[in-house]
Each structure stands twice: as C-alpha cells, then as structure tokens.
1. ³J(HN,Hα) across segment 372-389 via Karplus (A = 6.51, B = -1.76, C = 1.60, θ = phi - 60°), whole Hz, x for Gly/Pro?
2. Excluding GLY290 itself, calculate the net charge of residues whose Cβ lies under 10 Å from the Cβ of GLY290, where each Lys or Arg counts +1 and each Asp or Glu counts -1.
3. Taking every Cα atom in segment 160-234, find the radius of gyration and the maximum pairwise distance Dmax, and write them in Å.
4. Considering only protein heavy atoms, what per residue accessible area in square angstrom results for segment 198-331 with a 1.4 angstrom probe?
5. Tell me, what are the semi-axes, in whole angstrom and largest first, of the equivalent ellipsoid of segment 175-397 as set by the roots of 5 times the Cα gyration tensor eigenvalues?
6. How large is the dipole of segment 175-397 about the Cα centre if only Lys and Arg carry +1 and Asp and Glu carry -1, each at its Cβ, rounded to the nearest 20 debye?
7. Along Cα→Cβ, 7 Å out, is where each label goes; now give me the distance between the ones at VAL106 and THR62 in nm to one decimal.
8. Specify the angular offset, from 0 to 90 degrees and rounded to the nearest 10, of the alpha carbon long axis of helix 12-27 from the longest principal axis of the alpha carbons in the chain.
Amino acid sequence: MAVLQLPMITHPITLFFIIFFAFSALAKAERYSVLSYGAKPDGKTDSTKAFSAAWSRACASTKQATIYVPQGRFYLGQVRFQGPCKNHAILLRIDGTLVAPSDYRVLGNAKNWLIFEHVNGVTVSGGTLDGQGAGLWSCKNSGKSSCPRGAKSLEFSYSNNIAISGLTSLNSQLFHIVINGCQNVKMQGVKVSAAGNSPNTDGIHVQSSTGVTILSSRIGTGDDCVSIGPGTSNLWIEKVACGPGHGISIGSLGKESREAGVQNVTIKTTTFTGSTNGLRIKSWGRPSNGFARHILFQHAVMNNVRNPIVIDQNYCPGKKNCPGQDSGVKISDVIYQDIHGSSATEVAVKFDCSKKYPCTGIKLQDVKLTYKNQPAKASCSNTGGVASGLVQPTSCL
Ligand SMILES: *[C@@H]1O[C@H](CO)[C@@H](O)[C@H](O)[C@H]1NC(C)=O
C-alpha cells in the first residue's frame, strides 16, 4: 500500500479534501428524466423527441449524467444516441418499457430502432425493449417478397467502454442486440425473448469488436442466440442459456473474399434446450481469407439439441455463387471440453470442413452425447485433431 505511506495523503486535512471532492463529484452527477423533456408513459404518445433531447443534454455535459426513464410504456420511433460526446460517463437507467411502432412499415427500412454511435462510457441498465416484431414476422413467414428487412432493436457501433445490464429485449423485428466495431463491452443479466419461428431475430450479434463479455444471460429466439461475425476477438461468453434458437454460432464467416478473422473466443458454462444447434462454426463454401482460431467451448449441457457440435464449411443458402467451391476460411485450434447431454438427431458431432483448407487442431475432451439414450454418432470430413478422456460418440478425428 505505497499510497498510504505518502505523508501528504494521510494528513487529516488532505483526507478531508479528498473525501469532500469525491462526494461533491457524485452530487454533481446530473439527472435528466425523459419526463422533463415531454416523454409520456402512456404507450402511445411519441416520445422520440424527448429521448433525443435528454440525450443531447447528457452528451454535451462534461459531468457524469443519468438519463432516467421511469416506469410506464414509452412509444419511440428511431432514436440515434449519437456521439462523440463530451461526456464519458452516461448512464441510461430504465425502469419502464420502450415500445417500437407495431406497424413495421414505420421502421422496416430504417436498419435500426435504437442506435448508439461513436460513444465512449455508456451504461444501459434495466428496462425492457419491446420491438413489436410479430407483424413483420408474419409478413416474412407468409412468403411475401415485399416485406421490408426490419430494424434491429438496439445497436452499439464504433463505441468503447459500454455496459448493458439487466436489460430485457422482446420481439425485435430483426436482430435484438448488435455490437459492431466496439471495444470493451460488458453485458450481464440480459434477457432476450422472441418466438422460435421468428425470422432473423438473432439474440446478440457481435462483429468487428474486441473485448466483449456476455455473462449470465438467457436467450430464446427464432435465429442464433449469439452470432459471432468477422473481426471478433477476445470474446468471453459465460453462463448463457439458449433455446429456442439456432444456438451459439461463430459465423457465417467467409461471405466476403477479404474479411477479418475471429480469434480468442471462450464460450463456457452454457445450456442449450431444444435448439437447432448447440456450438456451431459455419462458413460459406467459397474463397475467402477469413479464419477462426483459438476457440474454447467448455462445460456445455445439451437438452434435445438437433446438432450439438457442428462445423459446417459448406454453407451456401440458395446455392448461389458457391456450388463446387471450397471454403477459404481456415479453422484451427478449437477445443470442446466437457460437453454432455442429449441430441435430437443421430449425428451429434459433425465436422464438415473445407477440402482445400481442412480444420486443424480440433480437440475433443470429455464429450458425452446421447441420442435416444444410446451413444450418438459422429461424422468428420477434412478434419484433423485429437480426442482425449471419455469421448462418446466415438471420435472420428
Ligand atoms: C483472450 O481474451 C481474453 C478476454 O476474453 C483476454 O483476457 C485475453 O488476454 C486474450 N488473450 C490474448 C492472447 O489476447
């Protein structure tokens, strides 16, 4: 404790001033209630302008600021929480629910509903986002070609030092939460919920970002619970429950011929229930300089999951611009450790790697997956690696 040995600081008067200034800094944290800018908690008055005004004030202030959203339902069109800000300590504290327009034509082509861009030091705490996506889902599910793509509910782009805690996202039109081009993002206690047949409603999507952590979250949705796109590194996911949904997916990678890789990803203590996939890596079957390496999947429980462990390097929806080609994405050093539970199909472990760039350094350690209470099966193509400990299905590595 070198600091305490400094005589200046141990002096009682010095201490008094340190404590005094610490308290006065706290007392000066500014509070902007959206109600004072005209927001109405009645679920129908458009509160978009009120939220933007509260944001502008907080963003322009150099003192730490809280934007407060009390209980009630606040109807909001698109809100852009635009930076850069003078402020590097903004807390958006939500006790109520933010409600998107239920008519999908309003935001259907807007890409985003709530977006933070170029901000530094923003925390979103509590609250519920209700994307009201059901109308768009039924348009898409009815096979109409005229449906808009939809809006993502909450996005952080090109931002640093972000925290999201205790937030619930319901029924987004498109992805629920997107982290794009960010550094140091901590998510904790997030809940995502949408129907199992809702199209493109990924729970949390991360891309081009480094130092993202997702802890203690529960995701049930119609697409990937977590999807991990190109340019993601140093990602940590722990204690996440998924289902319904398409599992936790690295990819799709290799859509572009030149794209950033994915590396240093840890996914531990996860539970999958009735999802179509568990732990998946997927790449387009066509040329690319992309890669996925140093991936650890540890302590996962599968409950009736269709494809508990899967690498698919022949992804080619619509069979356009890929048939007959091999994926250029290089997959290496992927560890599966302590993965057990039940598969809903006979093949519980499937490694379908690129013929041109086989997967290397795949490790299976203590994996036990059953199908109808019998050992399940494994299938490998173009896959190199080792198995150790008890591995059932018998490894095909
Ligand atoms: C890997 O990512 C973790 C965070 O998930 C980080 O603490 C660690 O330093 C990273 N390792 C390397 C080699 O960058």
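1. Running phi through 6.51 cos²θ - 1.76 cosθ + 1.60 with θ = phi - 60° gives 6, 6, 10, x, 7, 10, 10, 9, 10, 9, 6, 10, x, x, 9, 10, 8, x Hz.
2. Details: positive: LYS255, ARG258, LYS330; negative: GLU256, GLU259.
Its environment carries a net charge of +1.
3. Every Cα atom of segment 160-234 included, Rg and Dmax give 11.6, 34 Å.
4. Numbers: 4540 Å² over 134 residues.
Heavy-atom accessible area per residue stands at 34 Å².
5. 23, 22, 17
6. Using only the charged Cβ atoms, the result is roughly 200 debye.
7. 3.9 nm
8. Relative to the chain, helix 12-27 is tipped by roughly 70 degrees.
The values are calculated or read from the model by the stated rules, or taken from the named source; none is laboratory data. Please read these numbers as outputs of a predicted model, since none were measured by experiment. Every residue, glycine among them, receives a Cβ derived from its backbone with ideal geometry; neighbour counts consider all protein chains shown. Note: areas computed on protein heavy atoms with side chains; ligands, DNA, RNA excluded. Shrake-Rupley method; radii C 1.70, N 1.55, O 1.52, S 1.80 Å.
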